[in-house]
Amino acid sequence: MANREEYLRHSALNYTIQQKKYNNKLTERLLDLAAEHLYVFNEEEFSFVTVRDRIRCFYKSYVQSSKKRGIVLGYAARKAGILTPAE
């Protein structure tokens, strides 16, 4: 949740190299945080890519539920003119 605003800002980039790098960095940070708290992901079930995809699904669900409540976020907000290209 602490990374939500930053993630949404990157998601507005419509999956550029910059967003891909951010997603990988965020995944690495999550795995590091989990290790600090002695939580170990079963590597047979949760590869790096699987964890990264789960993070993306978490935020995608957040965006979709916000849409249902009439709040436009991410790429859709830029397309609708709510976000400027600089944002």
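The values are calculated or read from the model by the stated rules, or taken from the named source; none is laboratory data. Since we're looking at a predicted model, the values are computed, not measured. We work out accessible area using only protein heavy atoms, side chains counted, and drop any ligands, DNA or RNA first. Shrake-Rupley method; radii C 1.70, N 1.55, O 1.52, S 1.80 Å.
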Rounded to the nearest 10 Å², the 1.4 Å probe accessible area of residue 20 is 90
Karplus-derived 3J(HN,Hα) from phi for the stretch 59-66 (6.51 cos²θ - 1.76 cosθ + 1.60, θ = phi - 60°), whole Hz, x at Gly and Pro, runs 6, 4, 4, 4, 5, 5, 5, 5
In nanometres, the difference between 0.36 nm per residue of separation and the alpha-carbon distance of residue 68 and residue 54 is 2.9 nm
